[in-house]
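J.: Structure in structure tokens, see below.
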Amino acid sequence: MKLVSTLPDRVGFLHVVPVLDLLALLLIALLLGPSFLNQSGIQVEMPVSRYQLARTADARVITLTAGDPVVIWLGRDRVSEDELVSRLKEEREGSTTIPIAYLRSDQAIPAGEERRIAELVLGSDFRVYLLGRPKEGER
């Protein structure tokens, strides 16, 4: 007895199913992937503060991280103190309003170092705000 297949010679839908599975996995990876990324870029443990500021679009964020000497970040760029002052003065020259700088510092940064950097920024004619993290339950 000879077995004869009743299927057509080319079964198209059987070849499409694995492709649809791959597309579904790719879609899930693309949709969920960004949620697992660290958005801040620089990990800082800030002190607790009761006061919260609304972020302005044109403010500069200066981050101080622990190290010897203290590591200074302007946005996502690592800078020295001299570079910080020169870049802030360059930005200040074209502005007619008083620009704002947010100063985020790690808890391990001594208050004297934080104040010294804040005075450098103030010397560049920026308004300085010190940032902290909110207390638990006050968001």
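The values are calculated or read from the model by the stated rules, or taken from the named source; none is laboratory data. Just so we're clear, the structure is a prediction, and the values are computed from it rather than from any experiment. Note that we place each Cβ from the backbone using ideal geometry, even for glycine, and neighbour counts take in every protein chain shown.
J.: For region 103-131, what are the residues that are part of a strand (DSSP E or B) and crowded, with 18+ Cβ neighbours inside 10 Å?
T.: Passing the criteria: 103, 104, 105.
J.: Here's a follow-up. Counting only residues that are in a helix (DSSP H, G or I) and surrounded by 13 or more Cβ atoms within 10 Å (Cβ to Cβ), how many does region 69-85 have?
T.: Number satisfying all stated conditions: 4.
J.: With the requirement that a residue be closer than 18 Å to residue 124 by Cβ and part of a loop (DSSP other than H, G, I, E, B), what does region 55-68 give you?
T.: 56, 58, 59
J.: Taking region 23-71 on its own, how many of its residues are within 14 Å of the chain's Cα centre (by Cα), of a type in the set (S, T, N, Q) and modelled with pLDDT of 85 or more?
T.: The qualifying residues number 1.
J.: If we scan region 83-98, do we find a residue that is touching a helix residue (DSSP H, G or I) at 6+ places or on another chain (Cβ under 7 Å) and not aliphatic (A, V, I, L, M)?
T.: There is no residue in region 83-98 that is touching a helix residue (DSSP H, G or I) at 6+ places or on another chain (Cβ under 7 Å) and not aliphatic (A, V, I, L, M).
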